[in-house]
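Trainee: What follows is a single structure, and I will ask about it in a moment.
Derivation of every value follows stated rules applied to the coordinates shown; laboratory data play no part. Worth saying up front: this structure is predicted, and the values here are computed from it rather than measured. Note that we place each Cβ from the backbone using ideal geometry, even for glycine, and neighbour counts take in every protein chain shown.
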Amino acid sequence: MKTIEEKTKWLKRFRLISILEGLSFLILLFIAMPLKYMMDLPLAVTYVGWAHGLLFVVYIYAVFPTAHKLEWQFGKTFFALVVSILPFGPFIFDKNLTKEEKEMAKS
């Protein structure tokens, strides 16, 4: 059995990765892409897209060990993967994770 401290550490780390990935996606969609297509500045998408791609890979890579350590069911792990491709998805999932973290703190 994993300790509460270890589970909390894994959850906080995953939440940070999730928020960063979600922010990079929103910046790509709502800032970099308009700059590319409206202002003819394609470098915005180049750099932000590269950063988002890296954070997306880190997010996907972090889902599986986090799910294992926190003993998530298949449905929750699948949901974590699905929300990664939706704008605002990581923030919706983070709300769920915040509740989980608060429950861990109570025990």
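Trainee: Answer with yes or no whether MET33 is exposed (fewer than 13 other Cβ atoms within 10 Å of the Cβ) and not β-branched (Val, Ile, Thr).
Mentor: Values: exposed (fewer than 13 other Cβ atoms within 10 Å of the Cβ): no; not β-branched (Val, Ile, Thr): yes.
No, not satisfied.
Trainee: Mind listing whichever residues of region 57-71 are among the β-branched types (Val, Ile, Thr) and either closer than 15 Å to LYS9 by Cα or not in a helix (DSSP H, G or I) (or both)?
Mentor: Step one: of region 57-71, the residues among the β-branched types (Val, Ile, Thr) are 57-58, 60, 63, 66.
Correct list: VAL63, THR66.
Trainee: For residues in region 72-107 being in contact (Cβ under 8 Å) with a residue 12 or more places away in the chain and among the acidic types (Asp, Glu), which is nearest to ARG15 (Cα to Cα)?
Mentor: Per the criteria, the residue is ASP94.
Trainee: Do you know which residues across region 1-51 are in contact (Cβ under 8 Å) with a residue 12 or more places away in the chain and among the β-branched types (Val, Ile, Thr)?
Mentor: Within region 1-51, ILE4, THR8, ILE17, ILE19, ILE27, ILE31, VAL45, VAL48 qualify.
Trainee: If you don't mind, there's one more thing I want to ask. Which of the following residues is over 19 Å from PHE25 (Cα atoms), more than 10 Å from the chain's Cα centre (by Cα) and either among the hydrophobic types (A, V, I, L, M, F, W, C) or outside any helix (DSSP H, G or I) (or both): LEU54, LEU97?
Mentor: LEU97
Trainee: Can I ask one more? Would you confirm whether any residue within region 23-46 is in a helix (DSSP H, G or I), among the aliphatic types (A, V, I, L, M) and under 26 Å from GLU103 (Cβ atoms)? Before the answer, list the steps.
Mentor: Residues of region 23-46 that are in a helix (DSSP H, G or I), as a first pass: 23-39, 42-46.
This time we only want the ones that are among the aliphatic types (A, V, I, L, M), so: 23, 26-29, 31-33, 35, 38-39, 43-45.
Narrowing further to those that are under 26 Å from GLU103 (Cβ atoms): 23.
For region 23-46, residues in a helix (DSSP H, G or I), among the aliphatic types (A, V, I, L, M) and under 26 Å from GLU103 (Cβ atoms): present.
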